[in-house]
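Since the structure comes first, as structure tokens, the remarks are kept for the end.
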Amino acid sequence: MRKIIHADCDCFFAAVEIRDNPSLIDKPIAVGGDADKRGVIATCNYSARAYGVRSAMPTAQALKLCPDLILCKGRMDEYKATAAAIREIFFELTDRVEVVSIDEAYLDVTDVAEFQGSATRMAQWLKAEVVKRTGVTISTGVAANKFLAKVASDWQKPDGLFVVTPDQVEDFVIQLPVGRIHGVGKVTEEKLKRLGIETCADLQQKTVKQLTEWFGKFGLTLYQRARGEDYREVVTERVRKSVSVERTYSENITRQDDLDQALDRLLPVLARRYQGYEDRQIRSVFAKVRFADFSSTTVETAFGSELISSVSSTESSDASAEGLSDIVADKQAEYSVAWLKRALFYPLMQEAVSRGSLNIRLLGIGVRLRDPAGPSEQLSLFPE
Ligand SMILES: [Mg+2]
């Protein structure tokens, strides 16, 4: 049984605007183009929705429905930066992330061991971390496949967390209007309605043969979705750019000893996440600190060429919690976890901490990866 989380930001662009200008809270706001330039609404908040304003609606029409609507211009760079920060959190949980759009992703958490494997607790963690670090809320759906997870994330919006357990699937789907099925647009919905099909319960009465006659290949999809079935995989990012781990502490770290111990605990997690990327050369290593006042800093340093060459010649040893020693040549005893800590991450962390004070909310460490070895990469046997 797979475990899938669908995460979707609530009124994403509008949420970022409200975060950065709290005086907008509780007012109807929308992000979109000017009415006199035939602009359309990209996103609006729930106050605006109460007036009937919707995304993709012409701005002129939205202003007719809601004359007090506050129109924000849209700051794509800021939205992208926030979306990237949210994705970082997803990737802290698992590599198996499929980014669907700027504010939406599927996570396959089937193999995640943290949170005792509870996808519900993982979703709770995601929600809490996203709002804490980025100031916007997400809704999450937890289920055994993408279709159900997506419907579930929409079920209790905003700030929702809805779980469909395997034994609830049957009862959950029969009530669903067909319009909830991805791929059923206005036209298909109308056609289904003419055939007397409005819910998944109605759909279940039809055979694959009938549905295929009416809808071609999509007929099989309809047949499966009506039963809560979806065999699509979570398609993960092809080229991973970095591997990292970060933790937010419930009590700020204020002592050097605690800082050292925290680093000790982060290293094996990073090592575990790095597994599977051993064939990728490390471009740089970094440490990140967020201070009590919420300011953060990242210190990054190129990974020495000497180390890189030993990394690329690594033969994988037993993949124990030994961890980062797998990154480097295990023949060279000094390249141990302790060595990595002392030589790489400890100085970076000290440098980062020195930029603020020893009063720390969050620590992170990671490695950035070079692009996978391609034909041009193989020529780099010659020094650059
Ligand atoms: Mg959204």
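Observations
- Here the range 101-116 is the region considered, the condition is being free of Cβ contacts under 8 Å to residues at least 12 places away in the same chain and loosely packed, with under 15 Cβ neighbours inside 10 Å, and the residue that is nearest to the ligand (Cβ to nearest atom) is Ser101.
- Residue within the range 298-311 that is modelled with pLDDT of 90 or more and of a type in the set (Ser, Thr, Tyr) present: yes
- If the condition is being touching a Ser or Thr at 6+ places or on another chain (Cβ under 6 Å) and within 16 Å of the ligand (Cβ to nearest atom), then the range 21-41 contributes Val31, Gly32, Ile41.
- The set of residues in the range 147-179 that are in contact with a helix residue (DSSP H, G or I) (Cβ under 8 Å, 6 or more places away or on another chain), surrounded by 16 or more Cβ atoms within 10 Å (Cβ to Cβ) and outside any loop (DSSP other than H, G, I, E, B) comprises Phe147, Leu148, Val151, Leu161, Phe162, Val163, Val169, Phe172, Val173, Ile174, Val178.
- The range 121-146, subset surrounded by fewer than 16 Cβ atoms within 10 Å (Cβ to Cβ) and more than 14 Å from the chain's Cα centre (by Cα), residue farthest from the ligand (Cβ to nearest atom): Arg121
- Conditions (1) surrounded by fewer than 17 Cβ atoms within 10 Å (Cβ to Cβ); (2) hydrophobic (A, V, I, L, M, F, W, C); (3) on the phi > 0 side of the Ramachandran plot: number failed by Cys11: (1)
- Annotation note: of Arg342, Arg355, the sole residue that is surrounded by fewer than 16 Cβ atoms within 10 Å (Cβ to Cβ), of a type in the set (D, E, K, R) and at pLDDT 80 or above is Arg355.
- For the range 1-18, taking the residues that are aliphatic (A, V, I, L, M) and under 16 Å from the mean Cα position of the chain (by Cα), the one that is nearest to the ligand (Cβ to nearest atom) is identified as Ala7.
- Identity of the residue in the range 28-67, more than 21 Å from Pro158 (Cα to Cα) and of a type in the set (Val, Ile, Thr), that ends up modelled with the lowest pLDDT: Val40
- Among all positions in the range 62-82, there is at least one residue which is among the basic types (Lys, Arg) and within 16 Å of the ligand (Cβ to nearest atom).
- Verdict on Glu229 being surrounded by fewer than 19 Cβ atoms within 10 Å (Cβ to Cβ), touching a Phe, Trp or Tyr at 6+ places or on another chain (Cβ under 9 Å), outside any helix (DSSP H, G or I) and not small (Gly, Ala, Ser): yes
The values are calculated or read from the model by the stated rules, or taken from the named source; none is laboratory data. Nothing here was measured: the structure is a model prediction, and the numbers come from that model. No Cβ is skipped: glycine too gets one built from the backbone with ideal geometry, and neighbour counts run over all protein chains shown.
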